[in-house]
Amino acid sequence: MEYTSVAYLEAKGKSLVWMAYANNFAGEDIMEEGFNPNSGYVYLALENGTTIASAFGQDVEYIVYDFQTDEEMIFDSFEELEIYSINQTEK
């Protein structure tokens with residue numbers, strides 16, 4: 001039986017989150033970096049309102065909180081986030 005420690009999954013999640021930051025947001029100010037032990041999410045909260053997160057070392061998600069609708073939107077890819085951002089800009 002193979003065991004995977006939480007520390008391994010946290011490290012894997014951090015590497016994915018930082019790679020997504022480097023590829024898509026390099027230069028954006030980071031408000032907070034953290035790990036939520038209750039949800040397993042490793043995250044980077046950016047000054048622009050986007051949070052890059054990975055739960056248990058899985059693919060990253062891009063999370064945006066809409067203060068007008070009080071909704072949290074989760075995007076599975078940077079491309080989905082870009083389309084959302086363009087649509088918001090056109091409003």
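The values are calculated or read from the model by the stated rules, or taken from the named source; none is laboratory data. None of the values given here were measured: they were computed from a predicted structure. Neighbour counts are summed over all protein chains in view; Cβ atoms, including those assigned to glycine, are modelled from backbone coordinates with ideal geometry.
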Problem set entry | Candidate set from segment 65-91 (those that are surrounded by 10 or more Cβ atoms within 10 Å (Cβ to Cβ) and among the hydrophobic types (A, V, I, L, M, F, W, C)); member that is farthest from the chain's Cα centre (by Cα) | ILE83
For this session: Only residues in segment 62-91 that are closer than 18 Å to LEU46 by Cα and touching a residue at least 40 places away in the same chain (Cβ under 8 Å) count as the first member; pair them with residues that are exposed (fewer than 13 other Cβ atoms within 10 Å of the Cβ) and of a type outside the set (Phe, Trp, Tyr), Cβ under 7 angstrom, at least 6 apart or cross-chain, and list the lot.
Result: none
Exercise. Surrounded by 11 or more Cβ atoms within 10 Å (Cβ to Cβ), modelled with pLDDT under 95 and not aliphatic (A, V, I, L, M): does that describe TYR62?
Worked result: no
Exercise. How many of the residues in segment 9-64 are of a type in the set (Phe, Trp, Tyr) and closer than 15 Å to GLU82 by Cα?
Worked result: 3
Exercise. Name the residues in segment 14-48 that are surrounded by 13 or more Cβ atoms within 10 Å (Cβ to Cβ), of a type outside the set (A, V, I, L, M, F, W, C) and in a loop (DSSP other than H, G, I, E, B), would you?
Worked result: GLU28, GLY40
